Amino acid sequence: MEHTVNQITVRGSLRELPVFSHENHGKRFFRFLLDVPRLSGAVDTLPVVVPEPALNEVDLSGGEMLTVTGQIRSHNRREGGVRHLSIFIFASRVIAEDGEPINEVTVEGPVCKEPVFRRTPLGREICDVMLAVPRAFRRADYLPCILWGRTAQEVSRCHIRDRVCIHGRLQSRVYTKLTDDGPMERTAYEISALTAEIPEEEA
């Protein structure tokens, strides 16, 4: 089985009470949004899906904030005949506890699209890359990542199937999409890299 590196820990404030999401193989799952502040003062609003047993173990008397640990998952869904990639946190554990906000991610997988390198009008270097992070049962989560500066330069030289390990945070970004019904506000989720490593291939 392929080695899996996909870990996330976030701590933030519950934006809304969990609501029923879906049922799969007789198991029920719930969904909620977590507001996780950045050092800059901006707030990332992150979707969390949690199995019912893990949700039932949460003691809300522990504090007003929630600490969520788990993995970042992706899911392809269809809307009006168009496929959309949904990104969310799949929680393995949720604890109510107060403390400093946390947003820590480590993922590793092969590059599945050629990296896109660009510069901002002010000259800042940016690289967008999509990783196919392995999951059990020969599945994979397709996770968009954004890198900056020297890290962006290094990863921009990678090609499809090259493995990359990224440490960073999961961030939300609101943008406006022009549709047939007019402009619509959408939210994109991506992993913002603090560091990136290109592991040496095993012999």
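The values are calculated or read from the model by the stated rules, or taken from the named source; none is laboratory data. Computed from a predicted structure; not experimentally measured. Using ideal geometry, Cβ is built from the backbone for each residue, glycine included, and neighbour counts are taken over all protein chains shown. Just so you know, the surface numbers come from the protein's heavy atoms only, side chains and all, with ligands and any DNA or RNA stripped out. Shrake-Rupley method; radii C 1.70, N 1.55, O 1.52, S 1.80 Å.
Each residue in region 67-85 was checked for being under 13 Å from PHE30 (Cβ atoms) and either surrounded by fewer than 10 Cβ atoms within 10 Å (Cβ to Cβ) or more than 15 Å from the chain's Cα centre (by Cα) (or both), and 0 of them qualify.
Checked against the criterion of being closer than 28 Å to LEU39 by Cα and at pLDDT below 90, the candidates ARG173, ARG119, ARG138, ARG186 yield just one match: ARG186. Consider only pairs whose beta carbons are under 8 Å apart and that are at least six residues apart or on different chains; among these, list those whose first residue lies in region 167-178 and is closer than 19 Å to VAL155 by Cα and whose second residue is of a type in the set (S, T, N, Q) and open to solvent by less than 80 Å² (accessible area, probe 1.4 Å). Partner pairs satisfying both residue conditions: HIS167/THR106; HIS167/THR195; GLY168/SER192; GLY168/THR195; ARG169/ASN103; ARG169/SER192; LEU170/ASN103; LEU170/SER192. The set of residues from region 158-176 being over 14 Å from GLU197 (Cβ atoms) and either part of a loop (DSSP other than H, G, I, E, B) or within 19 Å of the chain's Cα centre (by Cα) (or both) comprises HIS159, ILE160, ARG161, ARG169, LEU170, GLN171, SER172, ARG173, VAL174, TYR175.
Before we move on, is VAL58 over 15 Å from the mean Cα position of the chain (by Cα) and more than 30 Å from ASP180 (Cβ to Cβ)? Answer is yes for this residue. The single condition among (1) over 30 Å from PRO199 (Cβ atoms); (2) surrounded by 11 or more Cβ atoms within 10 Å (Cβ to Cβ); (3) acidic (Asp, Glu) that GLU16 does not satisfy is (2).
Just one of the listed residues (GLU197, GLU114, GLU125, GLU100) is under 28 Å from ASP35 (Cβ atoms) and acidic (Asp, Glu), and it is GLU100. Per this entry, THR176 is not counted among residues that are over 23 Å from ASN76 (Cα atoms) and open to solvent by 60 Å² or more (accessible area, probe 1.4 Å). Select from region 61-82 the residues that are within 30 Å of ASP181 (Cα to Cα) and modelled with pLDDT under 90 and list them in ascending order. Passing the criteria: ASN76, ARG77, ARG78, GLU79, GLY80, GLY81, VAL82. Could you check region 91-148 and list, in sequence order, the residues that are open to solvent by 10 Å² or more (accessible area, probe 1.4 Å), of a type in the set (A, V, I, L, M), in contact (Cβ under 8 Å) with a residue 60 or more places away in the chain and within 19 Å of THR9 (Cα to Cα)? Answer for region 91-148, where residues must be open to solvent by 10 Å² or more (accessible area, probe 1.4 Å), of a type in the set (A, V, I, L, M), in contact (Cβ under 8 Å) with a residue 60 or more places away in the chain and within 19 Å of THR9 (Cα to Cα): just ILE102.
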